[in-house]
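Just so you know, all these numbers are worked out from the coordinates, no wet-lab data involved. These numbers were taken from a predicted model, which means no experiment stands behind them. Please note: Cβ atoms are built from the backbone with ideal geometry, for glycine as well, and neighbour counts cover all protein chains shown.
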Amino acid sequence: MIAYKTEIEKPKIEAGVDKKYLLTAKQMATFVTNGFLMVENLVPDELNQAINRDQRELNIPGYRFWTETDNIRAAFDLPQVKGIIQGLVGLNPVYDHSFLHVVKAKHLKAQNWHADSIIDLRPLAFDIQAFYFSHDTPREMGPTLILPGSHLRKANTESIGRYKNIVGQRQLEAKAGTIVFMHHGIWHCAQPNYTDQTRYVFKLRLQPGQVQHGLFNMDGYKDPEVVQIIDKGYQEWQGNEARIEHNMRARLWRYVTGDDSVDVSFERSLTRMGV
Amino acid sequence: MTRLRQQILILHLAVSSLEGRTVAWAFFDGTLAADQPQMQSGDTEKPPYESVLAAMRDGWMVIQLPTLPVYVPGHEHESGHLPYEYVLERKVDLDSL
């Protein structure tokens with residue numbers, strides 16, 4: 001399902017997952033609003049344990065973990081995982097990079113807030129970064145800290161590094177088998193690990209392999225319970241800019257639905273302004 | 001050498017008024033030695049002051065007011081850094097600690 005830049009793995013073009021596995025309209029509205037989608041119990045325990053053993057025992061450099069172990073790729077080949085990826089970046093997403101992130105036991109230094117890579121020039125298209133947790137990762141173990149709703153705010157790498165605490169920041173405490181799918185632009189940072197256990201998080205970044213119009217299960221995308229996810233997705237930290245933020249996610253909703261007539265903006269102002 | 005050290009408190013407010021609600025905060029403490037931990041990302045959930053005005057009442061001096069956002073035609077519905085960033089200062093005599 002995932003295409004590669006190298007010859008290590010050839011792309012496998014498939015017809016797509018069964019519709020029951022495909023990202024739903026509610027899940028897409030949540031992603032568009034918050035910039036991430038946390039899905040628990042995606043990977044079964046047996047596979048989590050196998051991947052955890054690979055992480056702890058094989059001593060493979062983080063950037064080669066994806067290509068040199070089979071179990072991690074098996075996790076991303078599960079239909080329930082592929083269905084979410086397909087809904088976000090299409091049938092043949094392009095492999096960007098991956099890394100096994102490790103925070104050693106008792107490493108007490110947090111990362112600075114940042115957005116990954118470099119400021120992105122695409123107005124609406126997006127990459128995703130899947131963060132997979134193979135073991136339970138409670139708050140004291142230093143799960144990634146994210147700022148919900150920050151994905152559409154332009155920040156260049158660590159230009160936000162002098163920020164320290166923000167109202168609504170969220171520690172991604174996760175159970176084994178959880179994958180968090182993030183928009184490439186979301187503000188985040190690694191956290192201290194106060195436990196005596198090493199913390200592992202595997203990150204896979206994928207680019208869209210096609211225009212991201214209507215890739216998810218569009219059933220009910222105009223239903224009130226879907227629209228209200230976007231309408232009510234205000235974050236306290238957004239302050240005076242919250243309405244602008246609302247309109248930015250309304251534009252992203254038009255992009256992912258492929259429906260330029262749908263209007264979920266503030267006071268439906270896009271329609272009022274004829275844009 | 002002077003025994004005065006600077007502490008910098010950065011408060012981001014929801015609006016441009018100094019009475020606006022604090023939505024983000026950072027503290028850089030010049031009284032601490034290099035091996036002492038500074039505030040770092042994610043280590044507190046509640047701001048130290050509810051507004052810049054509240055911090056002023058507690059003795060903090062405002063040394064920077066942000067300029068107001070400039071809305072560039074064609075880019076009005078875009079956002080970036082937290083816009084209402086106030087920098088406050090307190091000078092501390094190490095001998096008084």
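Please report the projected area of the range A:156-248's Cα convex hull averaged over all directions, in nm².
So the mean shadow area of the Cα hull is 9.2 nm².
When Cβ neighbours within 10 Å are restricted to other protein chains, what is their mean count per residue of peptide B:43-51?
2
Rounded to a whole number of µm²/s, how large is the Stokes-Einstein D of the range A:228-272 at 10 °C and 1.306 mPa s, given Rh as the Kirkwood radius over C-alpha pairs?
For these conditions, the coefficient is 150 µm²/s.
Which pairs, out of A:LYS154/B:LYS46; A:LYS104/A:LYS164; A:LYS20/A:LYS154; A:LYS154/A:LYS222; A:LYS164/A:LYS203, put more than 30 Å between their alpha-carbon atoms?
With Cα atoms farther than 30 Å apart: A:LYS20/A:LYS154.
In the Gaussian network model of chain A, springs joining C-alpha atoms below 10 Å, which of A:MET28, A:MET182, A:MET248 carries the largest mean-square fluctuation?
Judging by the Gaussian network model, the answer is A:MET248.
Hey, what did chain A get for relative contact order, percent, Cα under 8 Å, at least 6 apart?
Once normalised by length, the contact order is 27 percent.
Quick one: compute the contact order of chain B, relative version, from alpha carbon pairs under 8 angstrom and 6+ residues apart, as a percent.
The value is 41 percent.
Taking beta carbons within 10 Å but only from partner chains, what does the mean come to for residues B:13-24?
Per residue, the number of nearby Cβ atoms from other chains is 4 on average.
For chain A, give me the percentage of DSSP beta bridges that are antiparallel, rounded to the nearest 5 percent.
Antiparallel bridges make up about 95 percent of those DSSP assigns within chain A.
Taking only the alpha-carbon atoms of chain B, what semi-axes of the equivalent ellipsoid follow from 5 times the gyration tensor eigenvalues under a square root, in whole Å, largest first?
29, 15, 13
What Kirkwood hydrodynamic radius, in Å, does the range A:200-275 give when the mean of 1/r is taken over all pairs of distinct Cα atoms and then inverted?
That comes to 14.0 Å for the range A:200-275.
Output the peptides A:116-123, A:138-145 sorted from most to least packed, where packing is the average of other Cβ atoms within 10 Å over each peptide's residues.
Output ranking for A:116-123, A:138-145: A:138-145, A:116-123.
Across every pair of different alpha-carbon atoms, what Kirkwood hydrodynamic radius in Å does chain A reach?
19.3
Beta carbons within 10 angstrom, averaged per residue: use that to sort the peptides A:169-179, B:59-69, highest first.
Peptide ranking by packing, descending: A:169-179, B:59-69.
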